[in-house]
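Report on the structure given below.
The values are calculated or read from the model by the stated rules, or taken from the named source; none is laboratory data. Given the structure is predicted, the values throughout are model-derived calculations rather than measurements. Cβ atoms come from the backbone with ideal geometry, glycine included; neighbour counts cover every protein chain shown. The protein model used for the area step is the full one, side chains on, heavy atoms only, and it has no ligands, DNA or RNA in it. Shrake-Rupley method; radii C 1.70, N 1.55, O 1.52, S 1.80 Å.
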Amino acid sequence: LSGTQGQNVARGQNGVTESGKSADYSGVADDCKTAKECVERADELLNGEENALLRLAYLDRAVELNDTSRSALWSRGVLKLFELDDNQMGAMADFNKVISLDSTLALAFGLRGMAKLLLGDKRGALVDFDKSIIMDPKLAISYYNRGFLMLQDGEIDKACWDFSKAGELGEERA
């Protein structure tokens with residue numbers, strides 16, 4: 001999605017704050033001059049009280065300024081995947097772009113697999129989890145997520161093996 005489209009999609013799905021007031025962040029990040037500056041501003045908000053939509057506005061602007069900024073695409077994909085409800089398609093699109101820019105990032109495959117799993121594409125998720133594990137055999141989260149997928153499919157032995165491996169590698173939930 002382009003920056004403007006991403007903002008519209010996010011506002012359409014998440015444009016109401018917890019207090020019930022409408023959140024409109026259009027134009028808030030227009031003063032950013034570079035993608036790096038926008039990403040830095042979004043990162044500053046991670047620990048603040050500002051909401052995810054404000055961070056999204058900065059990340060959308062960063063991608064608008066530089067649509068090959070891996071850090072902007074990565075951060076926006078993570079935000080969409082973990083903090084913005086029902087935005088897995090947007091997250092998957094961002095991780096697709098990250099992977100097209102650098103196909104050596106094992107975690108990008110794992111995160112895209114999570115988005116696919118949440119969208120119901122179990123086969124696509126499995127392919128991404130497998131690729132992530134092949135690329136980085138110490139990536140505990142990919143074993144955990146693959147184990148979760150195996151459990152959903154009733155493949156208990158495979159799920160147990162993956163959960164065990166994830167635990168060995170430090171995944172606390174395994």
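Here is how the numbers come out for the structure above:
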quantity: Residue 84 being assigned to a loop (DSSP other than H, G, I, E, B), modelled with pLDDT under 95 and open to solvent by less than 50 Å² (accessible area, probe 1.4 Å); calculated: yes
quantity: Pair list, Cβ under 8 Å, 6 or more apart: segment 21-49 residue closer than 14 Å to residue 62 by Cα and part of a loop (DSSP other than H, G, I, E, B), other residue modelled with pLDDT of 80 or more and polar (S, T, N, Q); calculated: 34/66
quantity: Residue count, segment 39-81 (criterion: open to solvent by 40 Å² or more (accessible area, probe 1.4 Å), at pLDDT 90 or above and of a type in the set (S, T, N, Q)); calculated: 3
quantity: Residue within segment 112-127 that is buried (at least 20 other Cβ atoms within 10 Å of the Cβ) and among the β-branched types (Val, Ile, Thr) present; calculated: no
